[in-house]
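Student: Just passing along the structure, written as structure tokens.
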Amino acid sequence: MTETTHVLMQPQHGGEEEVKKMENNTKMRKKIPPRELRIKAYKDVLKLGKRGLSLTKIREEIHRKHGVWISTETIRRWLRGVSSPYNGIGIPSLELLEPSEDLGYVIGVRLGDGYTRKTSRNYVIGLKAKDKEFVEEFGRRLGAVLGGEPIRPRFRKDVGKYFAEATSKTLYELLRKPIDLKRIKKHVEHCKKCTAAFLRGLFDSEGHVSKRGYIILYNTNYEVLAYAQKLLKRRFGIETTGPWPHVQKGTTMHDPRTGKQYKTNEDCYYIYIKAESLPKFYRHIGFTIRRKQKRLEEYLRRTGKL
Ligand SMILES: [Zn+2]
């Protein structure tokens, strides 16, 4: 909110001066400097980081030059490229968020492997997955939606996965759980390209290609699968069966990686793409994840459909 609108909105509180004083008090309490100042500080943080200064030294240097204290956690996140004051610029509200293929893809991923998280000072949207090209694609598209640079994936050794994250309150509002299909509809169904990107994001996340080349889409949310099914049929003439229940809540499962038994805490469902529709799926949707796309191509070649 700019200072002008703030003043206009609170004329009942007296003169302009008093409102400004109030604003200053609020700022001091929250310790969040205005965006322009944060952007200046951000640029300097990157410069100082390149010179190899410690987080504490950078923090002191920024305070000396700009008169604000930026937390070391924020400085760390800026240096790692996880967030920046540019994130979300140009999309101050959901109404101003424009439909695009990039956003369609991000929504699709969010309904699958993606996550949102609210912390005390940030609204985070992210993806953690083992296929690098998948996280790269997500980071590139998420960066484009936020009007900035691609968000580069980072590798987390402890979990053996790549992740890409950004912060945006507006996107968080759109993608937070529980997902409301009505809220995302405008973006997903904007045009054929947006729908295709959405489905691709969803299938990159939770689509499985069997060794024989069949494609199954899993999700814990029945409605998401029914929605995907409707879009596949109406927009692309792709036939599916299901949704079928996959695993019932509370079923004892065996994790082959750890060798441990565990109980599932959510129901899971799947839809199955009919074999005759696989060439259409390949043509209109496809996978970003190479191992999945390769299996699909092998199947189509083997059966003389490619
Ligand atoms: Zn569109």
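Student: Name the residues in region 209-257 that are open to solvent by 50 Å² or more (accessible area, probe 1.4 Å), in contact with a strand residue (DSSP E or B) (Cβ under 6 Å, 6 or more places away or on another chain) and modelled with pLDDT of 95 or more, would you?
Tutor: Once the filter is applied, which keeps residues that are open to solvent by 50 Å² or more (accessible area, probe 1.4 Å), in contact with a strand residue (DSSP E or B) (Cβ under 6 Å, 6 or more places away or on another chain) and modelled with pLDDT of 95 or more, region 209-257 yields nothing.
Student: Anything in region 97-128 that is over 9 Å from the mean Cα position of the chain (by Cα) and free of Cβ contacts under 8 Å to residues at least 40 places away in the same chain? List them, or say none.
Tutor: Across region 97-128, the qualifying residues are E98, R117, T119, S120, K128.
Student: Follow-up question, since we're still on this one. I need the full set of residues from region 44-81 which are assigned to a helix (DSSP H, G or I) and under 25 Å from the mean Cα position of the chain (by Cα), in order please. Show your work before the answer.
Tutor: Applying the first criterion (assigned to a helix (DSSP H, G or I)) to region 44-81 yields 44-50, 55-66, 72-80.
Within region 44-81, L46, T72, E73, T74, I75, R76, R77, W78, L79, R80 qualify.
Student: Give me the pairs, please: first residue somewhere in region 56-68 and open to solvent by 50 Å² or more (accessible area, probe 1.4 Å), second residue anywhere and among the charged types (D, E, K, R), beta-carbon distance under 7 Å, and either six or more positions apart or on two chains.
Tutor: Sorted first by the residue in region 56-68, then by its partner, the pairs are K65/D44.
Student: Still on this structure, I have one more. Answer yes or no as to whether R200 is at pLDDT below 95 and more than 13 Å from the ligand (Cβ to nearest atom). Let's see the steps before the verdict.
Tutor: Working: at pLDDT below 95: no; more than 13 Å from the ligand (Cβ to nearest atom): yes.
Taking the combined requirement at face value, the residue does not satisfy it.
Student: So, one more: Just one of (1) away from the ligand (no atom under 16 Å from the Cβ); (2) under 21 Å from L199 (Cβ atoms) trips up E98, so point out which.
Tutor: Result: E98 passes all but (1).
Student: Using beta carbons and a limit of 7 Å, which pairs, at least six apart or on different chains, have the first residue in region 29-40 and closer than 15 Å to S84 by Cβ and the second one modelled with pLDDT of 75 or more and open to solvent by less than 100 Å² (accessible area, probe 1.4 Å)?
Tutor: Here the result reads P33/V68; R35/P85; L37/H66; L37/V68; R38/P85; I39/P85; K40/H66, each pair linking region 29-40 to a residue that is modelled with pLDDT of 75 or more and open to solvent by less than 100 Å² (accessible area, probe 1.4 Å).
Student: Still on this structure, I have one more. Out of the residues in region 170-182 that are open to solvent by 20 Å² or more (accessible area, probe 1.4 Å) and in contact (Cβ under 8 Å) with a residue 40 or more places away in the chain, state the one that is nearest to the ligand (Cβ to nearest atom). Before you say what the answer is, go through the steps one by one.
Tutor: Of all residues in region 170-182, those open to solvent by 20 Å² or more (accessible area, probe 1.4 Å) come to 172-173, 176-182.
Next, from what is left, pick out any that are in contact (Cβ under 8 Å) with a residue 40 or more places away in the chain: 172-173, 176-177, 179, 181.
On the way: Y172: 22, E173: 20, R176: 22, K177: 24, I179: 19, L181: 17 Å.
Per the stated criteria, the residue is L181.
Student: Got a sec? Which of T167, T195 is buried (at least 16 other Cβ atoms within 10 Å of the Cβ) and within 16 Å of the ligand (Cβ to nearest atom)?
Tutor: Numbers: T167 fails: within 16 Å of the ligand (Cβ to nearest atom).
Sole residue among the options that is buried (at least 16 other Cβ atoms within 10 Å of the Cβ) and within 16 Å of the ligand (Cβ to nearest atom): T195.
Student: Related question: Suppose the filter is more than 16 Å from the ligand (Cβ to nearest atom), more than 20 Å from G139 (Cβ to Cβ), open to solvent by 50 Å² or more (accessible area, probe 1.4 Å) and modelled with pLDDT under 85; does R51 pass it? Let's see the steps before the verdict.
Tutor: Numbers: more than 16 Å from the ligand (Cβ to nearest atom): yes; more than 20 Å from G139 (Cβ to Cβ): yes; open to solvent by 50 Å² or more (accessible area, probe 1.4 Å): yes; modelled with pLDDT under 85: no.
So R51 fails the test.
Student: Now for a different question. Looking only at residues that are more than 10 Å from the ligand (Cβ to nearest atom) and touching a helix residue (DSSP H, G or I) at 6+ places or on another chain (Cβ under 8 Å) in region 183-192, which one is least open to solvent (accessible area, probe 1.4 Å)?
Tutor: It comes out as I184.
The values are calculated or read from the model by the stated rules, or taken from the named source; none is laboratory data. All values reported here derive from a predicted model rather than from experimental measurement. For neighbour counting, all protein chains shown are included, and Cβ atoms are generated from backbone atoms with ideal geometry for every residue, glycine included. Side chains included, ligands, DNA and RNA excluded: accessible areas come from the protein's heavy atoms. Shrake-Rupley method; radii C 1.70, N 1.55, O 1.52, S 1.80 Å.
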